[in-house]
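The values are calculated or read from the model by the stated rules, or taken from the named source; none is laboratory data. From a predicted model like this one, the values you see are computed outputs, not experimental measurements. Here the Cβ is made from the backbone with ideal geometry for all residues, glycine too, and neighbour counts use every protein chain on show. Heavy atoms of the whole protein, side chains included, go into the accessibility calculation; ligands, DNA and RNA do not. Shrake-Rupley method; radii C 1.70, N 1.55, O 1.52, S 1.80 Å.
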Amino acid sequence: MRHNGRNRCAGVLGAVMLLAPLSGRAATATPDIPVLVPITGFLAAEGGSQRNGALLALQNPPAGVQPRFAVTDTGTSPEGAVNALERALSEGQVTAVVASMLGTQMLAMMPIAQTHKVPLTTMSGTADITRKGNPYVFRFFPTDSVVKAAQVQYAIDAFHIKKPAVIYQTTAYGQSGHAEILKALSAAGIAPVYEDALDVSVKDMQPVLAKAQAAEADSFLLQLHGGPTALFLKARSAMGVTLPVIAGSGLSQPATVALLDPAEIKGACAETGSSPISGETPEMRDFLARYRAAFKTDPDGFALGQYDATMMVLDAVAHGAATAEDVTKSLATGTYKGLAMTYKSDGLGNMAHSAVIICYDGTSRVPLVAKHYDFPATAP
């Protein structure tokens, strides 16, 4: 990193607060951008990626911008997110917030953001967060209506599915994705032959696989978090099940794939907003190198999406947005060319309108980008 840093402790849920590094150049703008994300609990891998993407942007801002920021662990409860946001807002004039990617936490944070008129940038895929009429929510990961459409379309095009089994989490993320999967299947005239909703505490996936096989499923469409996705694929491999798996974005995370042998993910595919680890472009390869240098790990689509989101906020500040209301207006009306895609609000705060399908060949944990999908920036 090219900046020096220092740390201090805070009392919100015992979270560690990381202060913004000092810069040697003269600053013309000092936005306050707290990072409030889950970095413990069942969403630790996803939240850690979101945090890292935000930090990489905040520590490398545009010229003339010197952001203040702190990271707070929200855990996975709505109360944790609310407490973190209220504390951040009580400590100064917040310009924008990097907000939790967990749908239940976002839904709890949104009324507070609207009351204080502070924009939230998030990687949450939960469809409802941009259906509440809240003008201060900006989603930089493709909404479930985008990525689930891509997931189902690829399953039809590549595997000619007719009788899928749909396995999803009982969380808001799982339920939202499940609804969008069913909508996309219905539009194609396909009905699942088996469905199952799993709590995140479920460890044994063999009964689910056995029931799907008994129902004569010809494929699996997953909407599971990273850990459960890994458990599902391990069980699939152990049982010798060869049916196609087209998973949610949990399988796009290097932290998830690291739990699996390459042979255990052979032939499995997944949807995501982007795959920086695949290094498709020079810009992606540069981001990958910088991320690895900073965090000693590999980025996923959540990290890159939050990097782009935070850079769009910082770019707005660099171009004169001095207040939270200024940044809100810029996010709502502007267009920003990020590394993953070009972002523009559809009027509801959905900023990302592209998705990719990645697949694993069984010899490497680095996926190949199999297909790009672009959707019009229209309200869902």
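Tell me which residues, restricted to region 266-279, are out of contact with any Leu (no Cβ under 6 Å at 6 or more places or on another chain) and either in a helix (DSSP H, G or I) or β-branched (Val, Ile, Thr) (or both).
Thr272, Ile277, Ser278, listed by residue number.
Scanning for something out of contact with any helix residue (DSSP H, G or I) (no Cβ under 6 Å at 6 or more places or on another chain), modelled with pLDDT under 95 and of a type in the set (Val, Ile, Thr), does region 356-365 turn up at least one residue?
Within region 356-365, not a single residue is out of contact with any helix residue (DSSP H, G or I) (no Cβ under 6 Å at 6 or more places or on another chain), modelled with pLDDT under 95 and of a type in the set (Val, Ile, Thr).
Kindly list the number of the only condition in (1) more than 26 Å from Gly103 (Cβ to Cβ); (2) of a type outside the set (Lys, Arg); (3) at pLDDT 95 or above that fails for Gly279.
Failing condition for Gly279: (3).
Working only within region 33-82, note down all residues that are in a loop (DSSP other than H, G, I, E, B), over 18 Å from Ala316 (Cβ atoms) and of a type in the set (A, V, I, L, M, F, W, C).
Of everything in region 33-82, those that are in a loop (DSSP other than H, G, I, E, B), over 18 Å from Ala316 (Cβ atoms) and of a type in the set (A, V, I, L, M, F, W, C) turn out to be Ile39, Phe42, Leu43, Ala70.
Does region 329-337 include one or more residues that are within 23 Å of Gln114 (Cα to Cα), at pLDDT 95 or above, in a helix (DSSP H, G or I) and touching a His at 6+ places or on another chain (Cβ under 8 Å)?
Yes, region 329-337 contains a residue that is within 23 Å of Gln114 (Cα to Cα), at pLDDT 95 or above, in a helix (DSSP H, G or I) and touching a His at 6+ places or on another chain (Cβ under 8 Å).
Take the residues in region 32-50 that are aliphatic (A, V, I, L, M) and over 12 Å from Thr310 (Cα atoms); name whichever of them is surrounded by the most Cβ atoms within 10 Å (Cβ to Cβ).
Keep residues of region 32-50 that are aliphatic (A, V, I, L, M), which gives 33, 35-37, 39, 43-45.
Filter again for over 12 Å from Thr310 (Cα atoms), leaving 36-37, 39, 43-45.
Numbers: Leu36: 30, Val37: 32, Ile39: 22, Leu43: 25, Ala44: 18, Ala45: 22.
Looking at the filtered set, the residue picked out is Val37.
Kindly evaluate Thr310 against the criterion of being touching a residue at least 12 places away in the same chain (Cβ under 8 Å) and either open to solvent by less than 30 Å² (accessible area, probe 1.4 Å) or within 16 Å of the chain's Cα centre (by Cα) (or both). If you could, list the steps in order and put the result at the bottom.
Values: touching a residue at least 12 places away in the same chain (Cβ under 8 Å): yes; either open to solvent by less than 30 Å² (accessible area, probe 1.4 Å) or within 16 Å of the chain's Cα centre (by Cα) (or both): yes.
So Thr310 fits the description; yes.
Just checking, which of Gly305, Gly227 is in a helix (DSSP H, G or I), crowded, with 23+ Cβ neighbours inside 10 Å, among the small types (Gly, Ala, Ser) and touching a residue at least 24 places away in the same chain (Cβ under 8 Å)?
Values: Gly227 fails: crowded, with 23+ Cβ neighbours inside 10 Å.
Being in a helix (DSSP H, G or I), crowded, with 23+ Cβ neighbours inside 10 Å, among the small types (Gly, Ala, Ser) and touching a residue at least 24 places away in the same chain (Cβ under 8 Å) holds for just one of Gly305, Gly227, which is Gly305.
Has region 51-74 got any residue that is aromatic (Phe, Trp, Tyr), touching a Pro at 6+ places or on another chain (Cβ under 9 Å) and open to solvent by 30 Å² or more (accessible area, probe 1.4 Å)?
Just the residues of region 51-74 that are aromatic (Phe, Trp, Tyr), to begin with: 69.
In the following step, the residues that additionally are touching a Pro at 6+ places or on another chain (Cβ under 9 Å) were identified as 69.
Adding the requirement that they be open to solvent by 30 Å² or more (accessible area, probe 1.4 Å) leaves none.
No, the conditions are met nowhere in region 51-74.
Across region 244-265, what is the number of residues that are over 21 Å from Asp199 (Cα atoms), in a loop (DSSP other than H, G, I, E, B) and open to solvent by 40 Å² or more (accessible area, probe 1.4 Å)?
Residues in region 244-265 being over 21 Å from Asp199 (Cα atoms), in a loop (DSSP other than H, G, I, E, B) and open to solvent by 40 Å² or more (accessible area, probe 1.4 Å): 2 in total.
Residue by residue through region 230-243, note down the ones that are more than 15 Å from Asp196 (Cα to Cα), part of a helix (DSSP H, G or I) and open to solvent by less than 50 Å² (accessible area, probe 1.4 Å).
Those that are more than 15 Å from Asp196 (Cα to Cα), part of a helix (DSSP H, G or I) and open to solvent by less than 50 Å² (accessible area, probe 1.4 Å): Ala230, Leu233, Ala235, Arg236.
With respect to Lys329, determine if the residue is surrounded by fewer than 16 Cβ atoms within 10 Å (Cβ to Cβ) and under 21 Å from Arg131 (Cα atoms). Talk me through it step by step, then tell me what you get.
Working: surrounded by fewer than 16 Cβ atoms within 10 Å (Cβ to Cβ): yes; under 21 Å from Arg131 (Cα atoms): yes.
In short, yes.
Any idea which residue in region 367-380 is surrounded by the most Cβ atoms within 10 Å (Cβ to Cβ), counting only those that are touching a residue at least 24 places away in the same chain (Cβ under 8 Å) and farther than 14 Å from Gly301 by Cβ? Reasoning before the result, please.
As a first pass, look at region 367-380 and keep what is touching a residue at least 24 places away in the same chain (Cβ under 8 Å): 367-371, 373, 375, 377-380.
Going one step further and asking which of them are farther than 14 Å from Gly301 by Cβ, we end up with 368, 370-371, 375, 377-380.
Details: Leu368: 14, Ala370: 15, Lys371: 16, Phe375: 19, Ala377: 17, Thr378: 10, Ala379: 12, Pro380: 14.
Once the filter is applied, the top-ranked residue is Phe375.
From the list Thr323, Thr342, pick out the single residue that is of a type outside the set (Lys, Arg), open to solvent by 50 Å² or more (accessible area, probe 1.4 Å) and within 18 Å of the chain's Cα centre (by Cα).
Working: Thr323 fails: within 18 Å of the chain's Cα centre (by Cα).
Among Thr323, Thr342, only Thr342 is of a type outside the set (Lys, Arg), open to solvent by 50 Å² or more (accessible area, probe 1.4 Å) and within 18 Å of the chain's Cα centre (by Cα).
Would you be able to tell me the number of residues in region 196-224 that are part of a helix (DSSP H, G or I) and surrounded by 16 or more Cβ atoms within 10 Å (Cβ to Cβ)? Steps first, answer last, please.
Taking region 196-224 first, the residues part of a helix (DSSP H, G or I) are 206-214.
Those still in the list that are surrounded by 16 or more Cβ atoms within 10 Å (Cβ to Cβ) too: 208-209, 212.
The total comes to 3.
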